[in-house]
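The values are calculated or read from the model by the stated rules, or taken from the named source; none is laboratory data. It should be emphasised that the depicted structure is a prediction, and the values quoted were computed from it without experimental measurement. Note that each Cβ is placed from the backbone with ideal geometry, even for glycine, and that neighbours are counted across all protein chains shown.
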Ligand SMILES: *Cc1c(COP(=O)(O)O)cnc(C)c1O
């Protein structure tokens, strides 16, 4: 496959963009090689600047559940462009999107009554945490190793050593003071949570987690564990925040909360909610949102929040999501997964809804430390094997894959055949 124009663009990019990219994982550092510069997408396929096409299993990291350039979304955006790109004043489009979302989740999540739109998942989580602290008048937040919540200072944190569980910054440039109120705990461990609540339960503002962690491999949790988190937060006057930036509108319209039938106090959204444009949101009960500016003392604002073009794209996207679509995607993923797992390779596929992930071993891990680091080398080889055969996976073995509704059985068969061919070659090479 000729990718000379990608190589040329990467050389230019390196001179003007740090690492040649605007978000680190795009730089291919964990799989090696030169990042591919893409030019266009249609349905489930993307085309690079050299004219090569690929079936897209990354889907812009999750937003494109209906594939690229769905005609309904394009039409909605075009119609809005005729009116305005931004007005910075209330518009009907944000009321419509809020009504649509809250109306659809009303029966499964009756406590989710208000929503505020922002421009990214990071912003949504950062604001939800601030609101939780303002509402409870407490400062400490429990988060889990293996969950990603965007790049805001306080949440770029890893577990401290020993018994002292206060988090330490996971990034240079984040002062310790920013993370000292974040307690980082291991996933899948009731005792760890219980001990913290026994010691300082009246200081905990909230527990935040991805109900289905999908940013550090796919770490599907036990349902009893999630129920336990719901119960212990309620008993201690702390809030439960589900970061549904990936799960929301992906596992079900009402995200993991609806899929697992567990209602958190606050939910954050991103990715799919903007239909491919930059939108995030956080949502929750009326009494919690009564504290948010302008009604209350918790400040939060955004110049382009509720942007009418992004709202129109989001609404058109969400109107495409019905039960039939979710069932269809889940069936497709299950079929793919069982066909692959039947082969008995060293790698297996795990998944939920339309999210899938390859891992080495027999049991899907529930904690990040149970992921085999060495297996990432195999993933890197698989990534390039697929890439050279017109299949685009996320350029890191810690990232999950997404099916889109634009995929036909033939695309999934091609994917299955290609990964099987790869693992058969690995076996033949004694790897
Ligand atoms: C992607 C993601 C974020 C960050 O969203 P951005 O739009 O990239 O800022 C936060 N939380 C989760 C669970 C995510 O998957």
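Before moving on, here are some points about what is shown:
Per-residue answers, yes or no, for (1) in contact with a helix residue (DSSP H, G or I) (Cβ under 8 Å, 6 or more places away or on another chain); (2) in a loop (DSSP other than H, G, I, E, B); (3) at pLDDT 95 or above:
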site	(1), (2), (3)
242	yes, no, yes
245	yes, yes, yes
250	yes, yes, yes
256	no, no, yes
301	no, yes, yes
311	yes, no, yes
316	yes, no, yes
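- Consider region 1-22 and keep the residues that are assigned to a loop (DSSP other than H, G, I, E, B) and at pLDDT 95 or above. The one that is farthest from the ligand (Cβ to nearest atom) is 2.
- Being touching a residue at least 40 places away in the same chain (Cβ under 8 Å), within 16 Å of the ligand (Cβ to nearest atom), part of a helix (DSSP H, G or I) and at negative phi is a description that does not apply to residue 76.
- Among the residues making up region 95-110, those that are closer than 17 Å to residue 284 by Cα and assigned to a helix (DSSP H, G or I) are 95, 97, 98, 99, 100, 101, 102, 103, 104, 105.
- Some residue of region 109-119 being surrounded by fewer than 23 Cβ atoms within 10 Å (Cβ to Cβ), within 10 Å of the ligand (Cβ to nearest atom), in the same structural domain as residue 185 (by TED's automatic domain parsing) and at pLDDT 95 or above: yes
- A residue that is within 16 Å of the ligand (Cβ to nearest atom), assigned by TED's automatic domain parsing to the domain that holds residue 120, farther than 24 Å from residue 311 by Cα and in a loop (DSSP other than H, G, I, E, B) cannot be found anywhere in region 265-278.
- Residues satisfying the stated conditions in region 235-244, i.e. more than 13 Å from residue 111 (Cβ to Cβ) and either within 16 Å of the ligand (Cβ to nearest atom) or surrounded by fewer than 24 Cβ atoms within 10 Å (Cβ to Cβ) (or both): 235, 236, 237, 243, 244
- Candidates 276, 302, 296, filtered to the one that is within 18 Å of the chain's Cα centre (by Cα) and touching a residue at least 12 places away in the same chain (Cβ under 8 Å): 276
- Cβ-Cβ distances below 6 Å connect no pair with a first residue in region 125-142 that is more than 16 Å from residue 200 (Cβ to Cβ), a second residue that is assigned to a helix (DSSP H, G or I) and within 14 Å of the ligand (Cβ to nearest atom), and a separation of six or more residues or different chains.
- Hits in region 43-53 - residues which are more than 22 Å from the chain's Cα centre (by Cα), part of a strand (DSSP E or B) and touching a residue at least 24 places away in the same chain (Cβ under 8 Å): 48, 53
- So residue 247, is it under 14 Å from the mean Cα position of the chain (by Cα) and either without any contact (Cβ under 8 Å) to a residue 40 or more places away in the chain or surrounded by 21 or more Cβ atoms within 10 Å (Cβ to Cβ) (or both): yes
- Screening 232, 220 for residues that are at pLDDT 95 or above, surrounded by fewer than 24 Cβ atoms within 10 Å (Cβ to Cβ) and part of a loop (DSSP other than H, G, I, E, B) leaves exactly one candidate, 220.
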